[in-house]
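The values are calculated or read from the model by the stated rules, or taken from the named source; none is laboratory data. Owing to the predicted nature of the structure, the values given are computational and were not obtained by experimental measurement. For neighbour counting, all protein chains shown are included, and Cβ atoms are generated from backbone atoms with ideal geometry for every residue, glycine included.
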Amino acid sequence: MANTGPDVIEELEDFQKARYEDRDAAPAKAKDEYRNYEAEARPTVREFYRLNHQGQTFDFVQAKKAEYLPKSRAAMSIWGAMEFLNTLVDDSDPDTDLTQIEHLLQTAEAIRADGHPRWFILTGLIHDLGKILCLWGEPQWAVVGDTFPVGCAYSDKVVFPEFFALNPDSRSPAYQTSCGIYEPHGGLDRVHLSWGHDEYLYQVVKDHLPDESLYMIRYHSFYAAHREGAYAHLMSDRDREMFRWVRAFNPYDLYSKTPARPDVARLRPFYEDLIAEYFPPTLRW
Ligand SMILES: [Fe+2]
Ligand SMILES: [Fe+2]
């Protein structure tokens, strides 16, 4: 199961959480007072980012967009996609680990409990549905993990920046100026990020949700920008304003996992109504 199971996905999410947990708990500390999570990362996490930074070239991203943006793989409802994602079988302990649907419901329920608008709750419910890319046979390094722009210089604020030396684009001068092929402050909509579940789901749902929600979906893994402030020179004023929402979403993504299993059958009617408010019965994937 090493290639399709969520075992590495779990470890990555634990790593992302650990990376920001003490900073969020004690934001006043100087940066070097925090633990160095990259140095302590598990070998599986390091290896994941090595493959990711090496493989996510500009051409790879274009090829994946050409393959997936026609959305000709399936016609499915949102709940159908949740059930499909649930078939991503775990090889770890089924008694203690949450299913994918349970994880999505926990995120949505945490947002709901804080009294946020219905579109925000719905965003929590669906934000990781793009992980069905794993079920279409994509390697994990092309589905999850932090995203970053391709076609311009890499920021050292991206996790494990040393692995970018393995990316063939690092030897392409046109891609290694600070803006690369992009205009300064030209807006993220024109910037190609590394391929993964964020962009894929954005492309599937973009006609149906408010912009705030679409920003959360499209950029939730772009930690270098929303947590570290990198790549500001590519962002428009609009991006800067909307990233407030990406940051508002991030704690729910990082911290809403609890061992308590949500009651899927009890919650389903509420969420089916919410889905129907925004989405047609089927979407193209
Ligand atoms: Fe995600
Ligand atoms: Fe998530």
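The figures follow:
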read-out	value
Single match in 237, 198 (criterion: modelled with pLDDT of 95 or more, within 16 Å of ligand 1 (Cβ to nearest atom) and among the acidic types (Asp, Glu))	198
Some residue of region 19-38 being of a type in the set (A, V, I, L, M, F, W, C) and within 27 Å of residue 129 (Cβ to Cβ)	no
Entirely in region 73-175, the helices (runs of 4 or more DSSP H) that have 2 or more residues that are under 27 Å from residue 206 (Cα atoms), within 14 Å of ligand 2 (Cβ to nearest atom) and not hydrophobic (A, V, I, L, M, F, W, C)	100-113, 118-126
Subset of region 58-85 [within 30 Å of residue 175 (Cα to Cα) and either touching a Cys at 6+ places or on another chain (Cβ under 6 Å) or aliphatic (A, V, I, L, M) (or both)]	61, 63, 66, 69
Any chance residue 230 is part of a loop (DSSP other than H, G, I, E, B) and of a type in the set (Gly, Ala, Ser)	yes
Candidates 226, 220, filtered to the one that is in contact (Cβ under 8 Å) with a residue 40 or more places away in the chain, farther than 18 Å from residue 55 by Cα and surrounded by 17 or more Cβ atoms within 10 Å (Cβ to Cβ)	220
Exclusive hit being basic (Lys, Arg), within 16 Å of ligand 1 (Cβ to nearest atom) and within 20 Å of residue 215 (Cβ to Cβ), set 131, 157	131
